[in-house]
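A.B. asks: One structure is given below, represented as structure tokens, and several questions about it will come after.
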Amino acid sequence: MVDAIISPLLQQLTTMAAEETKEQVRLVTGVGKEVKKLSRNLQAIQAVLHDAEKRQVKEESVRLWLDQLRDVSYNMEDVLEEWSTARLKLKIDGVDDHENAALDPNKKVCSFFLAASCFGCKRLFLRRDIALKLKEINESLDDIAKQKDQFGFAVNVIKSNERAYERIPSVSSIDESEIFGRKDEKNELVDRLICENSIEQKGPHIISLVGMGGIGKTTLAQFAYNNGDVEKNFEKRIWVCVSDRFDEFRIARAIIEALTGCAPNFVEFQSLMQHIQKHVAGKKLLLVLDDVWNENFHKWEQFNNCLKNCLHGSKILITTRKEAVARIMGSTDIISVNVLSEMECWSVFESLAFAGKSMEERENLEKIGREITRKCKGLPLATKTIASLLRSKNTEKEWQNILKSEIWEIEQVEKNLLAPLLLSYNELPSKVKQCFTYCAVFPKDVILKKDKLIELWMAQGFLNNKRNKEMEEIGEEYFNVLASRSFFQEFGRGYDGELFLCKMHDIVHDFAEYLCSNECLIVEFHSGEELAMSSFAEKKILHLMLAIGCGPMPIYDNVEALRGLRSLLLESTKRSSVILPQLFDKLTCLRALKLEVHNERSPEDFIKEVPTNIENLLHLKYLSLANQREIETLPETLCELYNLERLDVSCCVKLRELPQGIGRLRKLMYLDNDRTESLRYLPVGIGELIRLRRVTKFVVGGGYGRACSLGSLKKLNLLRDCRIRGLGYVSDAGEARRAELEKKKNLFDLGLTFDHLRDGDEEQAGRRENEEDEDERLLEALGPPPNLKNLEIHEYRGRRNVVPKNWVMSLTNLRDLYLYNCRNCEHLPPLGKLPSLQSLYIAGMKSVKRVGNEFLGVESDTDGSSVIAFPKLKQLIFRNMEELEEWDFGTAIKGEIIIMPRLSSLIIWSCRKLKTLPDHLLQKTTLQNLEIWGECPILEERCREETGEDWPKIRHIPNIEIY
């Protein structure tokens, strides 16, 4: 994992030196020499890291050596970032880089960090300061490089497809009495192996068991392999333990030996394949490939081709930790193997832990044993390992010690429990390993939000990549790798099936803690306790979460002990006026700082103001002040955080304005400022932040002299998500055109709100004449982004064209559309023309009385071939349509019209005048969900169960809910 730090450092060293040379900036004597020496040392160390990482688990001395290397690497990262940040600051301050060539290096210089004067002196001081720091780091790295020779590390002998641990090969034999529970999984697997496919296919049908190491995949496969019905169903059964390395020759020979009864002596791989092909021809075969890791399709393809002569009904059963492997190998059936129930776990535990014990001993130990079993959280391997350990312990004290101990502290458990997890872990790329171990900073059983997790990974620099990809996309990839290899579980999915929530199993969390030693720490405090930070001094904590319960904020007696901290996730900010200035003075290495408040709390729990010395947090990339409801302004010094990538002030309901110098935050990519009810404008400098990917509340106009305008969007061509507010003040269509939304190819999510954000008389003063016409012209002028996927329009006051014709024609990728409170619109737009629309939510259109053919986007004189209206729509919601009376699709259209062929959910909410729903929609066989909520008296009566007039039309719908 240290390689994940060193590789970017080498790249950064090279890049920064090259940039200085390219810009003709003269380095102070010695910096270039130190950079070269650093690179040589790092390259020499990097060559042995694979072996060192492998050996650290068993050799404490190697682990200590890696800890030293990690500390020096982090120090170097800090220095390089200081260097880079200072250069950026000088550029922002308007310094001419060429003026340094005339400086006298012997001249007395002023401090780099003084106010903006004597720029040449600052730059010279910077280079001298950097040279000194690099020299100190080189001295430390010299010692570490010399120490490595003492260990006799192998140089680059561990290939990427090799594993660090040997395992005992699995076998097909099994004692069925040792399988507890899994009744459903056993029956399902046997059924799938025995059943004949109705569709004739070339080659065997492939089934996969997928789950984390130690969860029982092999055991389940062994049960099915030895099941009597399965045995009768196949002419030949073959079991091959593939293990971590996909050795084609070994696997081929094992298959031939099972088929023929003797081991072949062929030298050529092609001969082996031909031999297999010959002996499987016309045979009904079951082939079990246990513990497959290979993700190279071409290796598997050779076997797949030679097995295609099997008789119809042949099966291949795969066990793997990676869903990706199952898919690469062509599995059409993937069975997830999950944790055991508490009762099943107890059966496993009881059979092992109480073996040989008297009835009296069982009674004394059962209560503790059940608590230990619950701690295992359904993992068969954990349960068996701890139960086996307790078999030799007979007293309550011994069992209590096990219950209270962390499992990795027990040598016997470590040996058996961690090995399977280590094998999965060692398979991960270095960067993904960092992402996994970082999860140890969150408490056990906490629900992890994927997006928030990726944001924190990004802040730590785990997602940097040479590929031309957004860091969020790389984070998605890493998350999916961890999810597919069962490091995460209990997933939450959106309606589109995308993962957005997960949890870590306790034992996986313990494993992450074990790997990162004392780097990550969670400290939970309750009323009356104090926090002595000096106790952390020896632990070299990098990532800290402080969860404070009720009562006063604990006293921080020695913040100095946490000077190297890179993440501080604080869940209470009591006594912030005392604590935060101390933190900002000392914790200058922070990359991520969360000062959030969760749940309802009293006013004293909130920050009143952010200390001005926040500028000391030079390296800060992630700052979250979410839910800080008492903050009214942010200090201008926040704009000195030149590395800040993400600022979250969402739900800061009293925040009136952002710093005027926000345009200096040139690296800012994400501004989360939604639900900031008092925020009336954004500073004009926002238009200079060309790296912005997301602004959740882009407030325009309003008559404030320092406010940004719609035209401020012009340069922000990397925007992916933008919610524009205050359009009720904009009367200049030319200003809307200057925003150039139609050129923003990366903009996927867009919100347009035609509201007034002032209060009282000021609001009235800001209103325009002929608002209906103004809104129509403004929306036409804005123009649709070409790749938009999600669109929301609020408070539009035009009478027509809530989605203008030019928008409808251009929104070919739109999936979700939300129209809220467009109260003057008298007709719905022709949304049936949108080819990709999947979800449509229409609410508060108080002037719409009838929905007819215009909604479908099909003209009355349409003739010829069939037309599909709403071809991909799955969910349709009408809400608070107060005047809507009729909804009917007429019959005056020529030709065949197919309407909403994929509709699965229809929700009607508070449409009190609506008389009936279209027969065509009610009788659709695709409709799975019908909900009628709120005041819909006529519909409620018509759809009443058994007695309603429309009940015969809807009774086939699986889920009907009427409130």
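The values are calculated or read from the model by the stated rules, or taken from the named source; none is laboratory data. All values derive from a computational prediction rather than experimental measurement. No Cβ is skipped: glycine too gets one built from the backbone with ideal geometry, and neighbour counts run over all protein chains shown. In case anyone asks, the SASA skips ligands and DNA or RNA and just uses the protein heavy atoms, side chains included. Shrake-Rupley method; radii C 1.70, N 1.55, O 1.52, S 1.80 Å.
A.B. asks: Please arrange 942, 737, 850 by accessible surface area, largest first, computed with a 1.4 Å probe and ligands excluded.
C.D. replies: Sorted descending by solvent-accessible area, the residues read 737, 850, 942.
A.B. asks: Here's something else I'd like to know. Would you calculate the separation in nanometres between label points at residue 360 and residue 800, each defined as 7 Å from the Cα along the Cα-to-beta-carbon direction?
C.D. replies: Placing both labels 7 Å beyond Cα along the Cβ direction yields 9.6 nm.
A.B. asks: Then there's this: Translational D (Stokes-Einstein, µm²/s) of the range 178-288 at 4 °C and 1.567 mPa s when Rh comes from the Kirkwood sum over C-alpha pairs?
C.D. replies: Values: Rh = 15.7 Å.
The diffusion coefficient I find is 83 µm²/s.
A.B. asks: Hey, another quick one. Say R0 is 45 Å: what FRET efficiency, to the nearest 0.05, do residue 269 and residue 196 get from their beta-carbon distance?
C.D. replies: Result of the calculation: an efficiency of 0.85.
A.B. asks: Also, quick follow-up: For residue 585 and residue 675, what does the FRET efficiency come to when R0 = 22 Å and r is the distance between their Cβ atoms, rounded to the nearest 0.05?
C.D. replies: Taking R0 as 22 Å, the efficiency between residue 585 and residue 675 is 0.10.
A.B. asks: With unit charges on the beta carbons (Lys and Arg positive, Asp and Glu negative) and the dipole taken about the Cα centre of the range 256-326, which residue among 281, 262, 304 sits farthest to the positive side?
C.D. replies: Comparing the listed Cα positions along the dipole, 281 ranks first.
A.B. asks: Just subtract the alpha-carbon distance of residue 613 and residue 247 from 0.36 nm times their residue separation and send over the number in nm, one decimal.
C.D. replies: In short, 125.8 nm is gained.
A.B. asks: What size of dipole, in debye to the nearest 20, comes out for the range 824-963 about its Cα centre when the only charges are +1 on Lys and Arg C-beta atoms and -1 on Asp and Glu C-beta atoms? The partial results should precede the final answer.
C.D. replies: On the way: 17 positive and 21 negative charges, 84 e Å.
The calculated dipole for the range 824-963 is roughly 400 debye.
A.B. asks: For a distance above 25 Å, tell me the whole-number percent of Cα pairs in the range 243-346 that qualify. Could the numbers behind the result be given before it?
C.D. replies: On the way: 1380 of 5356 pairs.
That tail contains 26 percent of the Cα-Cα pairs.
A.B. asks: Considering only protein heavy atoms, with the full assembly of protein chains and a 1.4 angstrom probe, order 827, 756 by accessible area, largest first. Please report the intermediate quantities before stating the final value.
C.D. replies: Values: 827 120, 756 25 Å².
Ranking 827, 756 by accessible area, largest first, yields 827, 756.
A.B. asks: Let me ask something else about it. With r as the distance between the Cβ atoms of residue 493 and residue 229 and R0 = 41 Å, compute the FRET efficiency 1/(1 + (r/R0)^6) and round to 0.05.
C.D. replies: 0.75
A.B. asks: Please give the net charge around residue 904, taking every other residue with its beta carbon less than 10 angstrom from that of residue 904, where Lys and Arg add +1 and Asp and Glu add -1. List each step's numbers first, then the result.
C.D. replies: Working: positive: 874, 902, 924; negative: none.
Net of charged neighbours comes to +3.
A.B. asks: Report the net charge of residues surrounding residue 933, where surrounding means a beta-carbon distance below 14 angstrom and charges are Lys +1, Arg +1, Asp -1, Glu -1. Intermediate values should be presented prior to the final figure.
C.D. replies: Working: positive: 879, 912; negative: 931, 935, 940, 961.
Residues close to residue 933 contribute a combined charge of -2.
A.B. asks: Sticking with this one: Between residue 523 and residue 36, with labels modelled 7 Å along Cα→Cβ, what's the label distance in nm to one decimal, could you check?
C.D. replies: It is 4.6 nm.
A.B. asks: Net charge around residue 333, counting only other residues with Cβ within less than 13 Å of its Cβ (Lys, Arg = +1; Asp, Glu = -1)? Show your work: numbers first, answer last.
C.D. replies: Values: positive: 192, 315, 327; negative: 185, 188, 191, 323.
Neighbour charge sum, excluding residue 333 itself: -1.
A.B. asks: Rounded, prolate or oblate: which fits the range 285-328, taking a ≥ b ≥ c as square roots of the Cα gyration tensor eigenvalues, rounded meaning a/c under 1.5, else prolate when a/b beats b/c?
C.D. replies: Verdict is oblate for the range 285-328.
A.B. asks: Right, next: Got a sec? Charge dipole of the range 887-949, +1 on Cβ for Lys and Arg, -1 for Asp and Glu; which of 943, 900, 920 is way out at the positive end?
C.D. replies: Going by the Cα projections, it comes out as 900.
A.B. asks: Test of understanding: what is the full-extension gain from residue 926 to residue 773, defined as 0.36 nm times their sequence separation minus their Cα-Cα distance? Don't skip to the end; give the middle numbers.
C.D. replies: Details: separation 153, 0.36 × 153 = 55.08 nm, distance 4.07 nm.
Separation in residues times 0.36 nm, less the Cα-Cα distance, equals 51.0 nm.
A.B. asks: Using the basic label-point model (7 angstrom from Cα toward the beta carbon), what is the residue 714 to residue 155 distance in nanometres?
C.D. replies: 5.8
A.B. asks: Once Lys and Arg get +1 and Asp and Glu get -1 on their Cβ, which of 659, 631, 612 lies farthest toward the positive end of the dipole of the range 606-680?
C.D. replies: 659
A.B. asks: In square angstrom, rounded to the nearest 10, how much accessible surface does residue 473 have for a 1.4 Å probe?
C.D. replies: Rounded to the nearest 10, the figure is 80 Å².
A.B. asks: Separate question: Using the per-residue mean of other Cβ atoms lying within 10 Å as a proxy for protection, in what order, highest first, do the peptides 679-685, 475-481, 284-290 fall?
C.D. replies: Descending packing order for the listed peptides: 284-290, 679-685, 475-481.
A.B. asks: Subtracting the Cα-Cα distance from 0.36 nm times the residue separation, let me have the gained length for residue 464 to residue 501 in nm, one decimal. Please report the intermediate quantities before stating the final value.
C.D. replies: Working: separation 37, 0.36 × 37 = 13.32 nm, distance 2.33 nm.
The span from residue 464 to residue 501 would gain 11.0 nm if fully extended.
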